[in-house]
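Read the figures in this text as sums done on the coordinates, not as results from a lab. Keep in mind that what you see is a predicted model, and the values were worked out from it rather than measured. Reconstructed Cβ throughout: ideal geometry from the backbone, glycine too, with neighbour counts over all protein chains shown.
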Amino acid sequence: MAKFLVQKSGPLSGEVQISGAKNAVLPLMAASLLAEEPCEIKDVPDLRDVKVMKEILESVGSEVKDIDDGHLNIYTKEITKAEGCFELVNKMRASFLIMGPLLARTGRGKVYLPGGCTIGARPIDLHLKGFEALGAKVINEDSYVECIAPEGGLVGNSIYLDFPSVGATENIMTAAVLASGTTSIFNAAEEPEIVDLANFLNKMGARIKGAGTDHIKIEGVEHLKSARHTVIPDRIETGTFMLAAAITRGNILIKNVVPDHVMPIAAKLRESGVDVFLEEEGMRVRADDKNRKFVATDIKTLPYPGFPTDIQSPFMSYLTTVDGGSTVIETVFENRFMHVAELNRMGANIKTDGNRAFIPGSKVLEGAQVIATDLRAGAALVLAGLVAEGTTEISEIYHIERGYEKFVEKFRRLGANIFKMEE
Ligand code: UD1
């Protein structure tokens, strides 16, 4: 199994170009199943999860072509098998996003239950509640879920989500675009990836209003047509490089950023003493003022526009290095502190109590052998390794490669001592 070796690197500096967002492109690719005509998606990041989604689309009947670097053409003239097989679906939780489009286009879908990061139980009850509200019969077995639309197709309805789940909002939107009548999703997720999906679907001929608010309204249409779309920049990758500048007391210009999408991260970094400001070419993050004190700040993760759960672990690595103690409260996933044990191996001395973590701060971390327990935890450990004394050896890095494009290359260009070791 490959590993990353990370050594203390000094302040990172230079420029980094942010890739298209993993969490936006996966639902966009799934949504392309809704049209009988080809769709083009640009700024598609070269990631393991994107490869898995390509294979899933091909397995249901799509032709997926790479026109150019990061430019995909997906043509699904016919769905030949409305089924997500276990081997593919088990590699990635977001595979379940094909259910909405399969159900809308063919009247049925069968998807084996998803894998992905092991952060909490990650149920799909809200997705299924939405499909049922649209009239589908849901057969929920241990290993798979099958949904069958009523005779005449899905019918629009009002759906209230108990929690603004990103995946459930996306799956219900893609199921409802071809339903007859109007669907309202109340307490919908407001993430930028939802807006990107709605924009793509509207280009395909859907009638969706209110994406980006907690009430999304969808007027069903009969057909969707071909569309071209460019994926939004990855706000979590952006946040990771913002924290790379902060933790190494560096100075990085981050290009291809939507500043509003990273507003909570910028706000918390500023509170702790880091300069975050816009320049003509992008967003600059500076923590290289030698006279500046970087201080503790508390974080509470929330659905968008609150502080993103995906940046909780990278931010925690940074908080180990600032003056004073900080508290981090995780409210989105129930098991998202697996990185704490790994950071503690490096001397962070973090204590947890349920969904709260107390980070004493002011630590000089020590390199250690650690495990990337999930995608963002892996990024957090790389950040910690950049400032730790000695060498940090990170295993199970396939998690990191699922979600970050050219990870090592981008970090090395900024001056990071990070190497991939194939075993
Ligand atoms: C997406 C992102 C992930 C991010 C998360 C929250 C993708 C591919 N992944 O994941 O990176 O961390 O949003 O911003 O876009 N829940 C239920 N029932 C459901 C669905 C979800 O109880 O049917 C719960 C989950 O267990 C979790 C919370 O809702 O505690 C949030 O999950 P959700 O917003 O659905 O996250 P994902 O779409 O899986």
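On C-alpha positions alone, give me the angle between the axis of helix 235-247 and the longest principal axis of the chain, in degrees, nearest 10.
Between the helix axis and the principal axis of the chain, the angle is about 0 degrees.
Please report the relative contact order for the chain, taking Cα pairs under 8 Å with a sequence separation of at least 6, and give it as a percent rounded to a whole number.
Taking the mean separation of contacting Cα pairs over the length of the chain, I get 21 percent.
Between GLU409 and ASP260, what is the spin-label point distance in nm, taking each point 7 Å from the Cα along the Cα→C-beta axis?
3.2
To the nearest 0.05, how large is the calculated FRET efficiency for THR352 and GLU219 if R₀ is 35 Å and r is the Cβ-Cβ distance?
Rounded to the nearest 0.05, the efficiency is 0.15.
Taking the Cβ of HIS71 as the center, what net charge do the other residues with Cβ under 11 Å away carry, scoring Lys and Arg +1 and Asp and Glu -1?
-2
Would you work out the relative contact order for segment 22-230, in percent, from Cα pairs under 8 angstrom that are 6 or more residues apart?
Value for segment 22-230: 20 percent.
Enter the mean projected area of the convex hull around the alpha-carbon atoms of segment 22-230, in nm², rounded to one decimal.
9.7
Taking neighbour counts of Cβ atoms within 10 Å as a proxy for exposure, in what order, fewest first, do LEU383, LEU57 appear?
Exposure proxy ranking, most exposed first: LEU57, LEU383.
Against the longest principal axis of the chain, how steep is helix 192-203, in degrees 0 to 90 to the nearest 10, with axes from Cα atoms?
30
Taking the Cα centre as origin and putting +1 on Lys and Arg beta-carbons and -1 on Asp and Glu beta-carbons, what dipole magnitude results for segment 22-230, to the nearest 20 debye?
180
So, R0 is 25 Å and r is the distance between the beta-carbons of ALA2 and GLU132; what FRET efficiency does that work out to, to 0.05?
Taking R0 as 25 Å, the efficiency between ALA2 and GLU132 is 0.05.
Among the lysines, select those whose C-alpha is under 20 Å from the C-alpha of LYS300, and discard any that sit fewer than 8 residues away in the same chain.
Within reach: LYS268, LYS351.
With 10 angstrom as the radius, rank TYR144, TYR398, TYR404 by how many other C-beta atoms surround their C-beta, starting from the fewest.
TYR398, TYR144, TYR404
Pull up the DSSP beta bridges for segment 22-230 and report the antiparallel fraction as a percent, rounded to 5.
Counting only bridges with both partners in segment 22-230, antiparallel ones make up about 70 percent.
Count charges around PHE358 for me, please; just the other residues with Cβ under 14 Å from its Cβ, Lys/Arg as +1, Asp/Glu as -1.
Neighbourhood net charge equals +1.
Taking 8 Å as the Cα distance limit and 6 or more residues as the minimum spacing, I'd like the relative contact order of segment 11-114 as a percentage.
27
Taking a threshold of 24 Å on the Cα-Cα distance, which of the pairs LYS42/LYS110; LYS8/LYS91; LYS22/LYS420; LYS42/LYS77; LYS110/LYS406 fall above it?
Pairs exceeding 24 Å: LYS42/LYS110; LYS8/LYS91; LYS110/LYS406.
Would you please put 332-341, 203-212, 384-393, 312-321 in order of how densely packed they are, using the mean number of other Cβ atoms within 10 angstrom per residue and starting with the highest?
Highest-to-lowest ranking by the protection proxy: 312-321, 384-393, 332-341, 203-212.
Which of GLU170, GLU36 has the fewest other C-beta atoms within 10 Å, and how do the rest follow up to the most?
GLU36, GLU170
By the scheme Lys and Arg +1, Asp and Glu -1, what is the net charge of all other residues having a beta-carbon under 12 Å from that of VAL138?
The answer is 0.
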